[in-house]
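The values are calculated or read from the model by the stated rules, or taken from the named source; none is laboratory data. A quick note: this is a predicted structure, and the numbers were derived from the prediction, not measured. Here the Cβ is made from the backbone with ideal geometry for all residues, glycine too, and neighbour counts use every protein chain on show. To get the accessible areas, we keep the full protein, side chains included, count just its heavy atoms, and leave off ligands, DNA and RNA. Shrake-Rupley method; radii C 1.70, N 1.55, O 1.52, S 1.80 Å.
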Amino acid sequence: MLTESQREIIRTTVPALRLHGERITALFYRDLFAAHPALLNIFNPVNQRPGGQARNLAASILAYAANIDRLDRLGGMVEHIAHKHGSLEVRPEHYPIVGQYLLGAIAQVLGDGATDAVLGAWAAAYGLLADIMIGREAQLYAAGAAARWDGYKTCIVVKKEPESDSMVSLYLTAADGSTASPCGANGRSPA
């Protein structure tokens, strides 16, 4: 839970986020991937090139800060991000790493403005948001586990069927012989 003084600090950083948000997130991604290149597999590299992902993250952080007193307004955004994270296998252990590099980027960009109080408030705010996301993603993983497996699974292509000049359907089966279909009830996956 955030204290009122932490909420006030978050509210007062909104103008800085409007001005420097994309710079913060660009530094965040640069430093995160330099230190943890294995995390590239959970970020779409196509979105990284034109800066779209940095822009989207900056907008999400700004929305979070601007609504720090009314987090219920962020339900749609949280739901969208949770589903995206679920599709990319984001796990609870990724959140502390992301938090470390996000706070580091905030400190770099804000310089002397990144006081202990500001960084402490943002650490608490990030922790609260991480808990919300982890909780929602756990619900999604649990619901998905009932219908399929959790994590990656090796599959075998059993049939490849041309659908058009630019599309092919792949029919898959689980390599371990399990009956859980990797691509839905009919085992068909558009490729």
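For the range 92-151, a tally of residues being of a type in the set (D, E, K, R) and more than 17 Å from the chain's Cα centre (by Cα) returns 4. Against the criterion of being open to solvent by less than 50 Å² (accessible area, probe 1.4 Å) and on the phi > 0 side of the Ramachandran plot, Gly111 qualifies.
A residue that is out of contact with any helix residue (DSSP H, G or I) (no Cβ under 7 Å at 6 or more places or on another chain) and without any contact (Cβ under 8 Å) to a residue 12 or more places away in the chain occurs somewhere in the range 113-122.
Checking the conditions here, which among Ala117, Ala124 is assigned to a helix (DSSP H, G or I) and open to solvent by less than 40 Å² (accessible area, probe 1.4 Å)?
Testing whether each residue is assigned to a helix (DSSP H, G or I) and open to solvent by less than 40 Å² (accessible area, probe 1.4 Å) leaves just Ala124.
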